[in-house]
Amino acid sequence: MNGGLRSTPLLYPTAAFAVGIVLSVEFQGYTWWIAAALAVAALTAQLLGKGYAGVLAVMAALGCASMGFRLPYAPDFALLTPAREITATVTEARESDSGSRLTVEVRANPKFKAIVYIRSGEALFHKNDIVRFNGVWSAPGEPADVPYEFSMAPYCFRRGITAICRADRFEIISRGTYTPSLAEQARARLAKGIMDSGVTSATADLLEGLLLGNSDAIDSQTRERFSQAGLAHMLALSGTHLSVITALLAMVFIPLRLGGKRRWAWGATLAAMWCYVLLTGAPASVVRAAVMASFVIAGRLISLPTSSFNSLCAAALAILLFSPGELYSPGFQMSFLAVAGILMFAFRLTAAGPRNPVLRMLWSWCAVCVAAVAGTAGISAWLFHRFPVAFLLSNIPATLLLPLFMGGGILLLSLSLAGIHAGWLAMCVDGIGSALNHIAAAVNSLWWHQVDGLWFPFWTLIFYYGGLLLLYFAIERRKSLYALSSAIMLLTFAGLSIILAPRPPRQELFRITDSFCTAWVVFDDGKAWLVSDAPPRHKEALRNRVGWRLNEPLAIRGIDSLRTAPDTLSTPFLRIARNKVAVGPVDIVFIDRPRDVVPLVRKPRYAVVGGHYRHNIRAVAETIAPDTIILSPSLDYEIEKKFASQLDSLGVAYLREAYRYWK
């Protein structure tokens, strides 16, 4: 049963626990002082006869302490000098054309986790390799080169990473050995079974992502297509998929129910569900859904009447108790807000529907979709800066097809593992997979399918969710004052979103920090140009690397993509003539060969000395006479050191941009 907020005794204790987590994170240097103060407040409330207030203070103290125990150790960066050699164990390795990105556990006392960037062209790394390296260290939350550019800070916080290193020199001390777990071996066997089942590669990738949780198998085009259609939740193994799996498992145990063993049936369903969670590698999204389902099933096992709201709060409390950092996870936030929206509004919307059974079923499913989107719309718009207006057109047919696709995929996989080739079933599953893709593509073809460019501060969500809460009270208590207050709150949110949206100038210049070259990004009337001293063969990799970082700044300005500046270009703001660049009042000259060292009509602000220049740096300083000489990261280390020494003796202003000198 639903029960409403008034029959939810765990609501305020859960909220107090969450407040304690937030206090611990936002005031990390004072975590235990805050926990102690809350404990004293709880004791004081008890002495004053305010028992419930004391309980809330205890819950806040527990939340603060729980997060305090799990806050990762942050190293003293003053001790991590560029020359200091560090030994670490690789826990994750990702390779690309521009280099390797390692997640390592540093062997220090105490240990800490770090991300290490290594130049391209180096050896491949594997999990459990022991490496030694030195380089420049920084905290994950370093200032951005461009406002709103991608920050590693949230990613690192959720994974307990407290440092980033750009390695100068490194060596692999020993190669690690890694034995896949039983679950990983099982997933690999099942993935092979899917590939051998007779479906197309696109359907196989989709099945692998939806059944086994391997989202990397789904290509980026499919991911973007589903996201724009409001179907992104279908590609990430989560509560939607677990509910389908649990329903299928419950059908398997129907004979137990028919035999009067209802508790045995629910217990077997619960055990099988958790076995599936372990098989998928127990991703956080699936564990969240499993915990929520477990509370509901446990209530039925012991024949205890349950409030859906209370079960939701109990699940949130259980997850936060063991993993308090989940509070900052977008998946956690959207999962619980979606369920909360369904519990608050779906039942009441369904009650207002038609009486015809078929129409009522369709109406109730629309009500669930609308309620879930209402719960997640605010945080989703803040995270992804868009709202899928046509979500009903995509979600209703896609969600009706999803159980058929997953159920057919499971049956096909079972037959494939048994050595039975069911071509007709493979064709059916292929057809359903193709239909899901066509639904997403059809919705995306509508010019009004989504609203883009939603940018607003996080604190304005107070008005959105406050308005939703008042709307719930207006429906539940039938009071117009609540409805009017809700409308005011929601309109305030909409107004603030418009007023506070960023409006950057149409023409701007930003210098970009990069490990391999010196680069600038020029925003010029709806276009973004990348100017650098990177060699031609590396310009595309640089553009992809910087474009990924600047995805949000580009979107704010309505720019589709970052472009590599050509050798010749002339606009009122940007002029390029081979190695000379003028951006408004700023002149830049790139020095890569001796022939580039010639007198200029106008004194440049910067002269960038690139990797092929091996000649007299004094000539650059005296002939070109820039305000500042930039020694590019593309320079050889010994050459760069020699140039720096000569510039010191000349008293010329310069910057050493190689990552070993980043501050």
Notebook entry, point to check: Which is within 18 Å of the chain's Cα centre (by Cα) and open to solvent by less than 50 Å² (accessible area, probe 1.4 Å), of V287, V244?
Noted result: V287
Note to self: Exactly one condition in (1) out of contact with any Asp or Glu (no Cβ under 8 Å at 6 or more places or on another chain); (2) closer than 26 Å to E142 by Cα; (3) open to solvent by 50 Å² or more (accessible area, probe 1.4 Å); (4) in contact (Cβ under 8 Å) with a residue 40 or more places away in the chain is false for R563; which is it?
What the structure shows: (4)
Item checked: Failed item in (1) out of contact with any Gly (no Cβ under 8 Å at 6 or more places or on another chain); (2) assigned to a helix (DSSP H, G or I); (3) open to solvent by less than 60 Å² (accessible area, probe 1.4 Å), with L446 passing the rest -> (2)
Check: Residues of the range 139-153 being out of contact with any helix residue (DSSP H, G or I) (no Cβ under 7 Å at 6 or more places or on another chain) and open to solvent by 40 Å² or more (accessible area, probe 1.4 Å), which ones?
Finding: E142, P143, A144, D145, S151
Next item on the list: Kindly list the number of the only condition in (1) in contact with a Ser or Thr (Cβ under 8 Å, 6 or more places away or on another chain); (2) at pLDDT below 85; (3) over 30 Å from D129 (Cβ atoms) that fails for A236.
Entry: (3)
Margin query: Checking the condition open to solvent by less than 30 Å² (accessible area, probe 1.4 Å) and over 26 Å from R119 (Cβ atoms), which residue from T222, T200, T162, T179 passes?
Written below: T222
Notebook entry, point to check: Name the pairs whose Cβ atoms lie under 8 Å apart, with the first residue in the range 529-541 and over 13 Å from P566 (Cα atoms) and assigned to a strand (DSSP E or B), the second open to solvent by less than 90 Å² (accessible area, probe 1.4 Å) and at pLDDT 90 or above, and 6 or more positions between them or separate chains?
Noted result: none
Item checked: Failed criterion for V597 (all others in (1) open to solvent by 50 Å² or more (accessible area, probe 1.4 Å); (2) at pLDDT below 95 hold) -> (1)
Next item on the list: Check whether at least one residue in the range 489-511 is surrounded by 14 or more Cβ atoms within 10 Å (Cβ to Cβ), at pLDDT 95 or above, under 30 Å from T571 (Cβ atoms) and of a type in the set (F, W, Y), and report yes or no.
Entry: yes
Notebook entry, point to check: Could you count how many residues in the range 78-110 are surrounded by 13 or more Cβ atoms within 10 Å (Cβ to Cβ) and not in a strand (DSSP E or B)?
Noted result: 5
Next item on the list: Go through the range 316-367 and give me each residue that's more than 17 Å from L468 (Cα to Cα) and among the aromatic types (F, W, Y).
Entry: F322, Y328, F332, W363, W365
Checklist line | Verdict on A268 being more than 17 Å from M406 (Cα to Cα) and assigned to a helix (DSSP H, G or I) | finding: yes
Notebook entry, point to check: Just for the range 600-625: of the residues that are open to solvent by 90 Å² or more (accessible area, probe 1.4 Å) and assigned to a helix (DSSP H, G or I), which one is nearest to A534 (Cα to Cα)?
Noted result: R618
Next item on the list: Go through the range 626-649 residue by residue and tally those that are modelled with pLDDT of 90 or more and surrounded by fewer than 14 Cβ atoms within 10 Å (Cβ to Cβ).
Entry: 5
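The values are calculated or read from the model by the stated rules, or taken from the named source; none is laboratory data. Since this is a predicted model, take the numbers as computed values, not measurements. Heads up, the Cβs are rebuilt from the backbone with ideal geometry, glycines too, and the neighbour counts pull from every protein chain shown. With ligands, DNA and RNA removed, areas are computed over all heavy atoms of the protein, side chains included. Shrake-Rupley method; radii C 1.70, N 1.55, O 1.52, S 1.80 Å.
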